[in-house]
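To keep things clear, I will list the structure first and then write my remarks on it.
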Amino acid sequence: MWTPEKSEGPARGQAHTAAGSSRQKVISVLLYCTGEMTHFSKIMEDKPFPVQLVEWVLRGVSRVILANNPVSGALILGALVMASPWQALMGTVGLLASTLTAVIIGQDSAEIAGGLHGFNGMLVALLMGVFSAAGDWYWWLLLPACLGGATCTFLFSGLAPLLDRWDLPVAVFPFNMVIVLFLACTGPNNPYFPHNPATPPGAPEALNHTQLHVPEVLQGVVVGVGQIYACGAFGPSLLILGAVLVFSPIMAIHALLGSGIGTLVGLSMAVRHSALYSGLSGFNGALGCMAVGGLFFTFSWRTHLFAIASAFMSAYTDIALSNLLGTVGLPACSWGATLIATLMLLLTARHLSAYRIAIGRVGSPEHNLVTHRHWEEGAKEDSTDV
Amino acid sequence: MWTPEKSEGPARGQAHTAAGSSRQKVISVLLYCTGEMTHFSKIMEDKPFPVQLVEWVLRGVSRVILANNPVSGALILGALVMASPWQALMGTVGLLASTLTAVIIGQDSAEIAGGLHGFNGMLVALLMGVFSAAGDWYWWLLLPACLGGATCTFLFSGLAPLLDRWDLPVAVFPFNMVIVLFLACTGPNNPYFPHNPATPPGAPEALNHTQLHVPEVLQGVVVGVGQIYACGAFGPSLLILGAVLVFSPIMAIHALLGSGIGTLVGLSMAVRHSALYSGLSGFNGALGCMAVGGLFFTFSWRTHLFAIASAFMSAYTDIALSNLLGTVGLPACSWGATLIATLMLLLTARHLSAYRIAIGRVGSPEHNLVTHRHWEEGAKEDSTDV
Amino acid sequence: MWTPEKSEGPARGQAHTAAGSSRQKVISVLLYCTGEMTHFSKIMEDKPFPVQLVEWVLRGVSRVILANNPVSGALILGALVMASPWQALMGTVGLLASTLTAVIIGQDSAEIAGGLHGFNGMLVALLMGVFSAAGDWYWWLLLPACLGGATCTFLFSGLAPLLDRWDLPVAVFPFNMVIVLFLACTGPNNPYFPHNPATPPGAPEALNHTQLHVPEVLQGVVVGVGQIYACGAFGPSLLILGAVLVFSPIMAIHALLGSGIGTLVGLSMAVRHSALYSGLSGFNGALGCMAVGGLFFTFSWRTHLFAIASAFMSAYTDIALSNLLGTVGLPACSWGATLIATLMLLLTARHLSAYRIAIGRVGSPEHNLVTHRHWEEGAKEDSTDV
């Protein structure tokens, strides 16, 4: 979701040599699989193309949830297979189509290696599968999944120079555009690719006649994290949350917090209970919260408050857009979170913009914190490097 | 609606000292309350925060109608209390929420002092009150009014760098976005915040079966100015027009002219009669006419003609958008005027762009005229300063 | 559709003097009417205003189909008169209104002379005529045709600085905006300007109960080129295709190819048969294919493949937008092709962007090819000029 950071490996390396104790060695082994794993990319550079492609694909899988870590990607792919093998296949096909299109049309190879040209295609394919009315293992659906994935790469490449003027990431704009166009194109009556129309959360027929079931709501908060991958089962969602934890604990906390805020927002607007239980109310809040809390801004109590505000706004915008697009049977996907996160990145307000990290320097939240501390120290001692 | 101009006080001061006669002293006392009142802002700088806040709020109130004058703001607030105390309360709460959010998140203090972070929040709160189906004094409505106001400040802060690239003002874009999202979010069936859906002016059920009543149409032209504050009563609308007159006679004339053009446009499209009588047809024309005639362009016969064209386009765009958004029960608010005024500011046509005033230098139309004349004279004599 | 290229006449002149043989003289006479005819513009410079206006209008007519040649324009106007004299009148009135507005508000005279301020107005007037439910020779319709044409010029002038930041052409964005606003403004029940609502291609009532008639589909591919001028007859469409051939054979091939791809896309989405027969499925594909194949990019096998991709995406986007806008009775016009062509121009992918021609240098595809070859040769020998 952001351009791959220029690895600041030496700083971490220095820390290792300075410490040297065996306790830190154990930690460093544990740390090997966390964060951005830029060292792993370097090892992979000499490997043959198919092996490299696997790493790109796994990074692409993790990009969906704002992470950038092949181990997280493998865990998430496992969770998807657990939830539905057909969905996992659809996602992988979309991701491959998208990544290979990027290779063919000549996109920047560093971006491809970072998985930047895969996650939009994966999401499009996953959503095609979820909305399809033809059931699982309808093999013809792989055709639009491939075409949709390829179109995502075109959109990514075209939107980049537009958004770059304001140092904004392309994020999941391509996915949101392509899936809305695909669903509008086929329509519910299409003879080849029929789909179920989306139900707006505030539709009259969706009014709640039953009692709210609190444990299910709490479960829905966790499933909200899984819904980022259109996965509505509890177990796989927990595994996806674990995958985020591997990448960054700060992100995992913000994911849960944002999903909870989204559920609260759903309650305040009296959406239908099924939306709360299935985590559909929560996932936009989770994305909005994760983007601001630690990823694009250095983590601090101020950005934490802004992350909460972002989660609230994302969830409300999602309900509004769901109601609007629902009148023509379309879902709002993650438009809410994407628009609000983009808004937060544009904010000129001094108390937030001071923590903004340039898109080219974004890493994991923990890495951002270290880099920021280095900046401050560097500014005190000498201001030559950084 | 524009960034506060760097006061060109000395020029006005010189005129005073040069004249000196008692007749001009009387005029200068009368003039004290007109225009931008930048001298008043200087007096207020040393005052305690609550007193300053009152000035900011009053400026914010007048910003809605493109003015920037605390006396105008006080008059308008009086008019709103006259029309409906509940609406006046809603507006004030929205304005305060919006302004205080700007203080908290660290927006530029000069912008806050100019009332730039208040008028969008005020409009959102006013429209929430108008569309609410829960009746007056439904206290829970103050909660969304506060949240909506705060969101406006976020949007203002985020849209500013986007629009700044083309030297465009943020104007009422945040208001238009937030109110549409709020109404889409709650929907007509919401159990907590129900609202009346907007009726499109061209809806089949809105066809006119009665004779047009000309005096009511003429009254509707004046009420069109009041509709900028969602106020549909004749008396308060007249007072609001008076408040504009205090700020600038040129603006007041353009407000009436634009409202008249908007009403004509409504007649040409055979909108339902109630829209004509209530001034709903006129207010977009009024805003479009005021923005071009004197405010963002130096007043001349050419800009006057462009102001008329702008009023026509604003009114037609408003009807089109009202019909479109009306299909999902949403109002078009002031999208028409905002989009067309933005278009006029972007115009590269030589006969208009020559009169364009940079956003940072915009003052009252009369002040713009004086400054422009100074430019021309300065260009003839010596071109060192300005 | 693009800004007039700075004529590279000397290069062509040189080629003439260098050749000199009689065979080439014959070719040069034939070539006189092909391409951009920049030499003809020079002859016209001294002529009185009405004569010049005729050239501007004819160039404007050809601009609709991405050509820039007065002979093509005359042929197309003939085709339109053949198809429907009323439609031809409407188009001419819209074109004149648009061009004269540009003269009055002071647009750049080189742009006006290139017909850049006419084609949007012409399209708006043509579509007004097609959608009008009042039948032919309803003289009042000339009033909105004039106003719509004038508004197009305003939009063209205002969008230019926005799009110019990314070196994008304004294209038919003004037409698409104005016609959608006009149709939304009047609505199907308007007493003065009633219109027939557009039928979405995927509407349930549009399901196909009859056998597909292949010869009619093939005829529809040719009519698809005519549909760019909202002309649904076979003969005039053939003449329009001939007019494109006069301007550039590469463009004519891409027009047919794109229209064929659009028809294929229509088949793949099972649109109603009448849309295939009438060429409505094909014209967005044709426009998308022409823009990429040779016009804004130097012709090569790579850009040819991208042109095919562009045709596919344009056609799918058109179906999606038609279904979406069709829910409120509006047509998608050429939004699909315009958006996708703009996307292709923004693409950073190396294998396409290397062939991108700066908007100010765009000529006919054949001229682009020659210029590009000159560049490459110039770069090898000396890199001082170009």
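The values are calculated or read from the model by the stated rules, or taken from the named source; none is laboratory data. Since the model is a prediction, treat every value here as computed from it, not as a measurement. When we count neighbours, we look across all protein chains shown, and the Cβ atoms used for this are built from the backbone with ideal geometry, even at glycine. Heavy atoms of the whole protein, side chains included, go into the accessibility calculation; ligands, DNA and RNA do not. Shrake-Rupley method; radii C 1.70, N 1.55, O 1.52, S 1.80 Å.
Observations
- Shape category assigned to the range A:163-256 from the gyration tensor of Cα positions, a/c cut at 1.5: oblate
- Rounded, prolate or oblate (a/c below 1.5 giving rounded, otherwise prolate when a/b exceeds b/c) for the range A:41-160 by Cα gyration tensor: oblate
- Where Cα atoms sit under 24 Å apart: lysine pairs in chain B separated by 8 or more or lying on different chains: 4
- Think of the axis that spins chain B onto A; the B residue whose C-beta lies nearest it, and the distance in whole Å, is B:ARG165, 4.
- Annotation for C:ASP46 and A:ALA133: the two label points, set 7 Å from Cα along the Cα-Cβ direction, are 7.1 nm apart.
- Spin-label model, C:CYS33 to B:GLN24: label points 7 Å out along the Cα-to-beta-carbon direction sit 7.3 nm apart.
- Cα-based helix-to-principal-axis angle, C:335-346 vs chain C, degrees rounded to 10: 30
- Average beta-carbon neighbours from other chains, 10 Å sphere, peptide C:217-226: 0
- Cα long-axis angle, helix A:70-83 against chain A (0 to 90 degrees, to the nearest 10): 20
- Relative contact order of chain B, pairs being alpha-carbon contacts under 8 Å that are 6 or more residues apart, as %: 17
- Area buried, chain A against chain B - accessible surface, total, 1.4 angstrom probe, square angstrom: 2200
- Per residue solvent-accessible surface (Å²) - the range B:39-84, probe of 1.4 Å: 39
- Cα long-axis angle, helix C:173-186 against chain C (0 to 90 degrees, to the nearest 10): 20
- Here the spin labels are modelled as points 7 Å beyond Cα on the Cα-Cβ line, and at C:ARG356 and A:TYR192 they lie 3.2 nm apart.
- The packing ranking, built from the mean of other Cβ atoms within 10 Å per residue, places the peptides B:165-171, B:285-291 in the order B:285-291, B:165-171, highest first.
- Counts of other chain beta carbons within 10 angstrom of each beta carbon in peptide B:351-363 average 1.
- Counting protein heavy atoms only, the range C:67-198 has 72 percent of its accessible area on carbon and sulfur, 1.4 angstrom probe.
- Copies compared at B:MET82 - label distances in nm, ascending, label defined 7 Å from Cα in the Cβ direction: 6.8, 6.8
- For the residues B:HIS213, C:HIS351, a 1.4 Å probe over the protein chains yields an accessible-area ranking, largest first, of B:HIS213, C:HIS351.
- Here the extension length gained between B:MET82 and B:SER274 equals 66.9 nm, from 0.36 nm per residue of separation less the Cα-Cα distance.
- In this assembly of identical copies, the label point of C:ALA133 (Cα plus 7 Å along Cα-to-Cβ) is separated from its counterparts by 2.9, 2.9 nm, sorted shortest first.
- Solvent-accessible surface ranking, highest first, for C:ASP164, C:ASP108 at 1.4 angstrom: C:ASP164, C:ASP108
- In chain B, helical runs assigned H by DSSP with n ≥ 4 each contribute -39500 (n - 2.57); averaged across all residues and rounded to the nearest 500, the mean residue ellipticity at 222 nm is -21000 deg cm²/dmol.
- Within 10 Å of each Cβ in B:323-333, the average number of Cβ atoms from other chains: 4
- The protein assembly as shown shape via C-alpha gyration tensor axes, a/c threshold 1.5: rounded
- Shortest-first distances to equivalent copies, position A:HIS213, nm, label 7 Å out along Cβ: 5.7, 5.7
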